[in-house]
Ligand SMILES: Cc1cc2nc3c(=O)[nH]c(=O)nc-3n(C[C@H](O)[C@H](O)[C@H](O)COP(=O)(O)O)c2cc1C
């Protein structure tokens, strides 16, 4: 398969969701497959009822033993500017910082004693489900969104900074920012999604062929080049992530294991 810029870009642009024709009009499926990460918003407020419905979708999301181990710190563009002393990314009218939160329920129970990694993973899983529920609710109501872990210094890679800025107690972990608003441009093309056979296997794990991954990477690079008008490459973007990863790893380690390190040294029942 040719992997040059143009053939890869053409394959990328030809990528389409595959919905069975019998279900192609289902409104929920359409919201799911039409959702794209949007990085440019119109100057237009989100009405209060729509914003409330988006948050309600997050509040009602499923979670491990119904622990609801998440928090949402809410912002308008003005309160974002006030808190972080810089504009909200992409001119979004609304945003939230999603936190994994196992602090709140500690008031009434010790759900996962001395298991910081399990507890952290559970908080991340649950909060991520709430995130997706909010994104899909938004999409269904005509509101676009994007999740951010790096852009805007307000995601996982800036965990230490956010802990300080948002006055986070122990066992509360910054995960991502989600921005919401009305898209300023037509929906961006679907980025290259792996074929179903590469990610879903009957009964037992199966390695993905290298050619499939090489094709995906070539499409990623071509899409990046085209959408950033040749100014920044996919590799440049990865380098931004890598430049922040050591600090983030250190900050997270402290947040996840820090306050429980002493407990971890003791076996349960000691
Ligand atoms: C947890 C998470 C963090 C992300 N962080 C960023 C980010 O920092 N900056 C950005 O431009 N996009 C970010 N994205 C958006 C992804 O780039 C996007 O989801 C991916 O390219 C697939 O595109 P799609 O959402 O349109 O399907 C993030 C997405 C997720 C789920």
- Task: Would you mind checking the stretch 173-195 for residues with the amide N under 12 Å from a putative spin-label position 7 Å along Cα→C-beta of residue 220?
- Result: 192-194
- Message: Testing the spin-label approximation: label points 7 Å from Cα along Cα→Cβ at residue 182 and residue 239. State their distance in nm.
- Response: 3.9
- Message: With the cut-off at 1.5 for a/c, could you classify the stretch 35-187 from its C-alpha gyration tensor as rounded, prolate or oblate?
- Response: prolate
- Task: Sort 163-176, 193-206, 94-107 for me by packing, meaning the mean count of neighbouring Cβ atoms within 10 Å per residue, highest on top.
- Result: 94-107, 163-176, 193-206
- Task: For the chain, just the Cα atoms, rotate onto the principal axes and tell me the three extents in Å, largest first.
- Result: 62, 47, 42
- Task: Give me the distance in nm between label points sitting 7 Å out from Cα along the Cα-to-Cβ direction at residue 194 and residue 59, one decimal.
- Result: 3.7
- Message: Under 8 Å for C-alpha pairs, at least 6 residues apart: give me the relative contact order for the chain, rounded to a whole percent.
- Response: 26
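Just so you know, all these numbers are worked out from the coordinates, no wet-lab data involved. The shown structure was predicted, so the numbers you read here are calculated from the model rather than taken from an experiment. Positions of Cβ are backbone-derived with ideal geometry, glycine not excepted, and every protein chain shown enters the neighbour counts.
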